[in-house]
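Quick notes on the structure that follows.
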Amino acid sequence: MDGSAIKRALSMMNERGSGEGAGYVAYGAYPEYEDCYALHVFFDNIHETKRTLEAMLEQWGHIVHDERIRTYDQPNLRTVHIPWRYFFKPYAGLMAHSTSPEDDIVSQIVMKINTAHTGALIYSSGKNVGVFKAAGWPEEVADFYRIEDYEGYIWLAHNRYPTNTPGWWGGAHPFNLLDWSVVHNGEITSYGTNRRYIESYGYICTMFTDTEVVAYLMDHLVRKQNLDADLAVRALAPPFWDDIDRMPEKEQDLNRALRLAYGPAMMNGPFAIVVANHEMMVGFTDRIKLRPLVVGEHGDRLYISSEEAAIRAMDPNVERISMPPAGKPIIGRVAR
Amino acid sequence: MTIGSLPLRYKISIDRERCMECERCIDNCSYGVFRREGDRILVDSRKCTACHRCIAMCPRDAITLEECPCDYRSHPLWTRQAREAIYNQANSGKIILSGMGNAQDYPVIFDRLVLDACQVTNPSIDPLREPMEVRTYIGKKPSRIEVMRKENGDVELATTVAPNLQAETPIMIGHMSYGAISLNAQLSMARAVAETGTFMGTGEGGLHSRLYPYQEHMIVQVASGRFGVDIDYLERGSAIEIKIGQGAKPGIGGHLPGEKVCMDVSCTRMIPLGSDAISPAPHHDIYSIEDLAQLVRSLKEATEWKKPVFVKIAAVHNAAAIAAGIARSSADAIVIDGFRGGTGAAPRVFRDHVGIPIEAAVASVDAKLRSQGIRNEVSLIASGGIRESADVAKAIALGADAVYIGTAALVAMGCRVCGSCYRNLCPWGIATQEERLVQRLDPEVASHQVANLIKAWTLELAELMGAAGINSIESLRGNRDRLRGYMLDESLMSVLDVKQVGA
Ligand code: SF4
Ligand code: SF4
């Protein structure tokens with residue numbers, strides 16, 4: 001499907017934003033380059049930093065194609081960055097000791113560029129996926145990129161009411177690292193713990209906002225720790241000890257071990273989060289559901305939103321609407 | 001020329017109008033301050049230690065105590081303490097002993113850290129209405145989890161998880177041995193930890209048979225003197241702690257004066273009656289880190305790998321590197337004892353001048369273990385100068401899993417922090433083996449007081465967490481973003497990795 005429906009859905013929820021940040025991510029956006037990492041970069045200007053970034057990319061791999069991301073001026077959207085995209089193939093041999101060398105090379109480049117603060121920010125780095133975001137109202141951002149020109153089989157979108165970093169393009173959601181993208185409503189009160197945990201594994205939080213840590217946690221738990229996505233989500237929003245104590249023994253063992261091993265990854269505070277990768281989309285809330293989350297189903301389509309109105313805007317004939325209990329992950333896998 | 005007598009430290013006065021000559025003060029003062037002559041109660045203030053027993057027991061509120069009623073000529077450098085230590089040593093030629101924790105006027109870092117609370121952007125959580133988890137597991141955590149997917153889709157755990165202690169609160173009671181304190185004091189605390197679902201240490205004095213009913217809540221200690229250690233002792237404990245050092249006196253051993261070694265203490269410690277119990281400064285089978293790893297493993301072998309083994313060190317300059325070494329052994333938890341930790345008896349010069357504060361030690365140990373990616377695999381227990389629930393919250397936010405309290409538990413039983421524990425005359429029946437004094441401490445009553453303290457602090461901790469929008473203790477642990485430094489200097493804030501207020 002193209003991006004017009006999700007643009008419509010997002011604009012139903014303008015109440016939830018302040019016109020200072022919105023964004024979209026489409027899985028399946030670049031079928032012609034599906035073997036390449038699609039790197040989306042915000043350049044402050046293209047004279048200084050572009051060459052540094054390209055030198056680094058050439059050092060670690062090969063740029064198959066690059067171009068300026070097409071944008072269309074909007075009256076109220078001030079263009080502060082130049083969005084660029086690279087289709088990039090890393091040389092796996094350069095990181096021989098790793099079990100996922102290509103991913104490691106790309107994530108290392110992302111961390112290096114984003115911490116150097118040289119006027120370049122890589123905000124999207126997965127294969128066949130693209131993030132489109134800016135500071136503005138949802139419709140403006142959509143029109144700025146002509147989001148309806150992109151096709152995707154999983155879409156996430158977000159409308160922001162910033163408190164931490166107003167107006168900064170990098171601060172708009174979705175956040176992405178490699179295959180993972182995240183949109184998030186809420187505030188993570190455990191951020192300090194989560195950040196210190198994830199940074200001890202070489203991730204570096206650079207976006208001055210708590211959401212990016214979710215993308216890193218998912219990447220770490222799934223790619224590095226080999227957990228299935230449902231278990232990874234359970235590590236992030238685990239059952240209460242009282243509930244675990246009442247489970248049958250085997251289940252107790254598993255859940256207790258998950259909390260013991262991944263306690264520092266557990267997220268606290270009010271949140272509703274949707275994460276996605278190329279094969280699934282997972283929505284979940286904090287353990288006492290301090291943020292809303294509504295689920296809609298229609299055939300093999302799954303919708304997850306903060307509001308039912310947004311789902312109905314996309315699909316007036318939606319078959320089933322439900323509200324999942326706190327902490328319970330809603331997992332939609334891509335049908336093959 | 002003699003030095004003569006020093007000015008009084010405390011002056012006791014009795015209000016004659018109020019006194020009814022009941023003699024309770026005479027009975028209660030174990031130091032012999034009071035006596036009766038004719039129809040008057042007379043006072044020898046020089047013997048007073050400010051233990052407040054008389055004041056607490058006088059039915060007429062007739063007794064007042066004044067500290068330092070006659071001072072020296074004031075001088076910023078030559079303080080009273082400095083001068084008196086010299087008089088004392090000029091007379092004795094000896095090391096000065098003292099009790100309780102560091103008495104030097106160092107700034108307390110805890111008091112310069114403030115906690116956070118939620119406003120608007122996220123709701124605070126009300127612990128009376130929502131679940132609030134303070135349960136803490138102490139022990140080795142798996143570095144990763146392997147699972148098996150069964151055919152029916154069920155998932156089962158494939159990783160074996162090492163035994164952990166399950167504490168219902170992150171507040172535990174540290175090691176105070178039978179010998180240093182009375183059996184009634186130990187019994188009171190043992191009942192309290194059993195009631196509140198937490199744990200206490202036995203100290204290095206063995207485990208008295210009357211504590212057996214509470215052994216599931218006791219952590220047995222193996223110190224350099226090996227007092228009271230045999231296989232039965234190791235097997236009774238829920239965990240075993242190797243004591244390398246103690247915050248009140250890093251680098252030196254322990255000394256239990258012979259007066260405190262009564263029949264029962266001698267049996268429990270397995271040493272002769274009335275003999276001084278002196279534990280050597282180092283463990284003579286541990287001269288390096290690999291020796292420690294070996295002892296950890298030996299203790300585990302002896303107890304069939306069923307019990308967590310802790311290693312306790314004093315907070316010294318290099319604590320972070322030492323802790324990283326310990327974390328690489330099979331040890332399950334590291335206890336860091338800060339320089340404010342209490343003690344029955346320590347040389348004053350050590351108590352006041354050796355070691356570093358627990359706040360800085362926890363922060364640097366936590367940071368070091370994180371930088372090596374092994375922080376979550378061992379538990380970190382902070383001790384030494386925890387006075388209230390806010391200190392607990394701050395220690396956890398700096399990176400501790402749990403805390404040991406010591407002095408606070410004694411204070412809950414009546415201790416007035418008079419610092420004369422090594423004299424075997426504790427009028428509160430705590431730091432003494434004198435039967436008539438020990439009788440004063442009723443375990444029935446004192447255990448409730450200690451349990452109340454643990455419960456009250458746990459409730460306050462839950463409230464603090466709720467206000468910060470956190471409903472599980474894991475999310476407070478190492479969450480230094482929720483702390484701010486107030487009037488701390490920049491270099492210390494960088495060690496603690498906290499921002500200043502307003503930032
Ligand atoms: S306890 Fe109080 S009232 Fe009784 S003799 Fe002593 S000072 Fe007097
Ligand atoms: S335990 Fe007894 S002797 Fe020691 S400080 Fe407390 S009251 Fe004084």
Going by the structure shown, is A:Leu290 in a loop (DSSP other than H, G, I, E, B) and either surrounded by fewer than 24 Cβ atoms within 10 Å (Cβ to Cβ) or not β-branched (Val, Ile, Thr) (or both)? yes
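Residues that are hydroxyl-bearing (Ser, Thr, Tyr), at least 2 per element: which strands (runs of 3 or more DSSP E) completely within the stretch A:2-107 meet that?
Strands (runs of 3 or more DSSP E) meeting the threshold: A:22-27.
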Name every residue in the stretch B:159-190 that is more than 14 Å from every other protein chain (Cβ to nearest Cβ), under 30 Å from B:Arg477 (Cα atoms) and outside any helix (DSSP H, G or I), in order of residue number. B:Ile171, B:Met172, B:Ile173, B:Gly174, B:His175, B:Met176, B:Ser177
Evaluate the following for B:Asp15: is it away from ligand 2 (no atom under 16 Å from the Cβ) and under 27 Å from B:Arg436 (Cα atoms)? no
Here the residues within the stretch B:26-47 that are within 16 Å of ligand 2 (Cβ to nearest atom) and crowded, with 16+ Cβ neighbours inside 10 Å are B:Asn28, B:Cys29, B:Ser30, B:Tyr31, B:Val33
What is the one condition in (1) among the aliphatic types (A, V, I, L, M); (2) within 28 Å of B:Gln439 (Cα to Cα); (3) without any contact (Cβ under 8 Å) to a residue 40 or more places away in the chain that B:Met100 does not satisfy? (3)
Unique residue being assigned to a loop (DSSP other than H, G, I, E, B), within 14 Å of chain B (Cβ to nearest Cβ) and buried (at least 24 other Cβ atoms within 10 Å of the Cβ) when the list is A:Ile204, A:Ile188: A:Ile188
So A:Ala157 clears everything in (1) in contact (Cβ under 8 Å) with a residue 40 or more places away in the chain; (2) more than 16 Å from A:Arg8 (Cα to Cα) except one condition, right? Which one? (2)
Quickly run through the stretch A:262-277 and pick out the residues that are at the interface with chain B (Cβ under 8 Å from one of its Cβ atoms) and touching a residue at least 12 places away in the same chain (Cβ under 8 Å). A:Tyr262, A:Pro264, A:Met266, A:Met267, A:Asn268, A:Gly269, A:Pro270
Any hit, the stretch B:428-437, residues being touching a Pro at 6+ places or on another chain (Cβ under 9 Å), within 11 Å of ligand 2 (Cβ to nearest atom) and touching a residue at least 12 places away in the same chain (Cβ under 8 Å): yes
Scan the stretch B:384-439 for residues that are acidic (Asp, Glu) and either within 14 Å of the chain's Cα centre (by Cα) or within 16 Å of ligand 1 (Cβ to nearest atom) (or both) and report the count. 2
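Would you mind stating whether B:Pro123 is at pLDDT below 95 and in contact with a Leu (Cβ under 8 Å, 6 or more places away or on another chain)?
Yes: the conditions hold for B:Pro123.
Kindly indicate which of B:Glu156, B:Glu130 is in a strand (DSSP E or B) and within 7 Å of another protein chain (Cβ to nearest Cβ).
Going through B:Glu156, B:Glu130 in turn, the sole match is B:Glu156.
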Exception for B:Gly429 within (1) surrounded by fewer than 22 Cβ atoms within 10 Å (Cβ to Cβ); (2) farther than 28 Å from B:Glu133 by Cβ falls at (1)
Of (1) within 14 Å of chain B (Cβ to nearest Cβ); (2) touching a helix residue (DSSP H, G or I) at 6+ places or on another chain (Cβ under 8 Å), A:Trp155 satisfies every one except (1)
Could you list, ordered by first residue, the pairs with Cβ atoms under 7 Å in which the first is in the stretch B:176-197 and at pLDDT 95 or above and the second is aromatic (Phe, Trp, Tyr), at least 6 apart or interchain? B:Gln186/B:Tyr178; B:Ala190/B:Tyr214; B:Arg191/B:Tyr214; B:Val193/B:Phe199; B:Ala194/B:Tyr214
Does A:Leu302 satisfy the criteria of being crowded, with 17+ Cβ neighbours inside 10 Å, within 21 Å of the chain's Cα centre (by Cα), on the phi < 0 side of the Ramachandran plot and in a loop (DSSP other than H, G, I, E, B)? no
Between B:Ile454, B:Ile473, which is crowded, with 18+ Cβ neighbours inside 10 Å and away from every other protein chain (no Cβ under 14 Å)? B:Ile454
Among the listed residues B:His283, B:His255, which satisfies the condition of being over 21 Å from B:Gln186 (Cα atoms) and of a type outside the set (Lys, Arg)? B:His283
Taking B:Ala321, is it more than 14 Å from chain A (Cβ to nearest Cβ), over 17 Å from B:Leu398 (Cβ atoms) and assigned to a loop (DSSP other than H, G, I, E, B)? no
Just checking: which of the helices (runs of 4 or more DSSP H) contained wholly in the stretch B:397-503 hold 2 or more residues that are under 30 Å from A:Pro239 (Cα atoms)? B:443-467
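Is it fair to say A:Ser125 is out of contact with any Asp or Glu (no Cβ under 7 Å at 6 or more places or on another chain) and assigned by TED's automatic domain parsing to the domain that holds A:Arg51?
Against the criterion (out of contact with any Asp or Glu (no Cβ under 7 Å at 6 or more places or on another chain) and assigned by TED's automatic domain parsing to the domain that holds A:Arg51), A:Ser125 qualifies.
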Report yes if some residue within the stretch B:280-302 is among the aliphatic types (A, V, I, L, M) and either in a loop (DSSP other than H, G, I, E, B) or outside the structural domain of B:Gln433 (by TED's automatic domain parsing) (or both); otherwise report no. yes
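Looking at B:Val120, B:Val147, B:Val114, B:Val193, which is the one that is surrounded by fewer than 22 Cβ atoms within 10 Å (Cβ to Cβ) and more than 14 Å from chain A (Cβ to nearest Cβ)?
B:Val114
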Pair list, Cβ < 7 Å and 6+ apart or interchain, from the stretch B:25-44 residues that are more than 19 Å from B:Glu434 (Cβ to Cβ) to residues that are crowded, with 19+ Cβ neighbours inside 10 Å: B:Ile41/B:Ile14; B:Ile41/B:Cys25; B:Ile41/B:Phe34; B:Val43/B:Ile12; B:Val43/B:Ile14; B:Val43/B:Val33; B:Val43/B:Phe34; B:Asp44/B:Val33
Kindly check whether there is at least one residue in the stretch A:154-171 that is out of contact with any Pro (no Cβ under 7 Å at 6 or more places or on another chain), modelled with pLDDT of 90 or more and of a type outside the set (A, V, I, L, M). yes
In the stretch B:374-382, is there at least one residue being within 14 Å of chain A (Cβ to nearest Cβ), at pLDDT 95 or above and in a loop (DSSP other than H, G, I, E, B)? yes
Give the residue, chosen from B:Cys22, B:Cys58, that is away from ligand 2 (no atom under 16 Å from the Cβ), under 18 Å from B:Arg416 (Cβ atoms) and either more than 30 Å from the chain's Cα centre (by Cα) or hydroxyl-bearing (Ser, Thr, Tyr) (or both). B:Cys58
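The values are calculated or read from the model by the stated rules, or taken from the named source; none is laboratory data. Nothing here was measured: the structure is a model prediction, and the numbers come from that model. Cβ atoms come from the backbone with ideal geometry, glycine included; neighbour counts cover every protein chain shown.
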